[in-house]
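Okay, structure first, notes after.
Read-outs: derived from the displayed coordinates by stated rules, not from any lab. Model, not experiment: these values are computed from the prediction. Please note: Cβ atoms are built from the backbone with ideal geometry, for glycine as well, and neighbour counts cover all protein chains shown.
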Amino acid sequence: MVPPVARREPATGPNTTVTRRIVERVSEITDEEATELPPLYNAVDPEALGELVDSASNHAQSLKITFTYVGHKVTVDETGAVRVSPIH
């Protein structure tokens, strides 16, 4: 059986950051409260990640950033879409 891969499209709200979407999605997949997860900055620099996504989006450039967080592979693209899948 292939493990599920979760994908969340970018939120349209002006106050939803890519880092928030990452934490929310991992929280959903792991069935843990977002407040119980380790800080995202242990895996990636949240400010730098947000700036990279914003810059790529504003300049119509391709971007793909992948890192590990709480035993899951997280990939973010230039649109801010977040893909989370378990590490095998």
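The packing ranking of peptides 52-59, 32-39, 69-76, highest mean first, is 69-76, 52-59, 32-39, where packing means the average number of other beta carbon atoms within 10 angstrom of each residue. Extension gain, Asp45 to Ile65, is 6.0 nm, computed as 0.36 nm per intervening residue step minus the present C-alpha separation. Here the calculated FRET efficiency for Thr35 and Asn58, from their Cβ-Cβ distance with R0 = 35 Å, stands at 0.65, rounded to the nearest 0.05.
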